[in-house]
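Structure first, then comments.
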Amino acid sequence: MPGADGGGMDAARRPDDADHGAGSVPERAAATGGLDARQRDILAFEGRSWRDPARKADAIRDELGMSAARYYRLLGALVDSPDALRHDPMLVKRLQRQREARADARARRTIPHGHPLA
């Protein structure tokens, strides 16, 4: 049986198979900026220009295979990730500024505490 004794084609594939082992995870992470393929796909997707939120939501489902809610949860975590910042600093900084602007706008809309309404 080829490969059972360590010879044949299996022996030639062993270095490639090692890429999937636990010892190679840091090497792969360093080569990709510490991000996995899905995280890189999310950043690339978010870097595209979207004029219509409905089309973007459809594209999230079609291209990334996840709901918009899941996408935005993952994107929110990526915005805080140092690995994502190293991978695409301009995009991540822009997303951080947008998030801060939305938080500031929400804070201005809220009713201040300690003052009676009537």
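The values are calculated or read from the model by the stated rules, or taken from the named source; none is laboratory data. Fair warning: this is a prediction, and the values are worked out from it, not measured in the lab. Using ideal geometry, Cβ is built from the backbone for each residue, glycine included, and neighbour counts are taken over all protein chains shown. The area values use the complete protein model at the heavy-atom level, side chains included, leaving out ligands, DNA and RNA. Shrake-Rupley method; radii C 1.70, N 1.55, O 1.52, S 1.80 Å.
Structure notes:
- If the condition is being open to solvent by 90 Å² or more (accessible area, probe 1.4 Å) and either of a type in the set (K, R) or touching a Leu at 6+ places or on another chain (Cβ under 6 Å) (or both), then the range 55-65 contributes R55, R61.
- Any chance L35 is modelled with pLDDT of 90 or more and touching an Asp or Glu at 6+ places or on another chain (Cβ under 9 Å): yes
- A57 vs. criteria among the small types (G, A, S) and either closer than 22 Å to R97 by Cβ or in contact (Cβ under 8 Å) with a residue 40 or more places away in the chain (or both): no
- Number of positions in the range 66-112 that are open to solvent by 70 Å² or more (accessible area, probe 1.4 Å), over 12 Å from the mean Cα position of the chain (by Cα), free of Cβ contacts under 8 Å to residues at least 12 places away in the same chain and within 21 Å of G34 (Cβ to Cβ): 3
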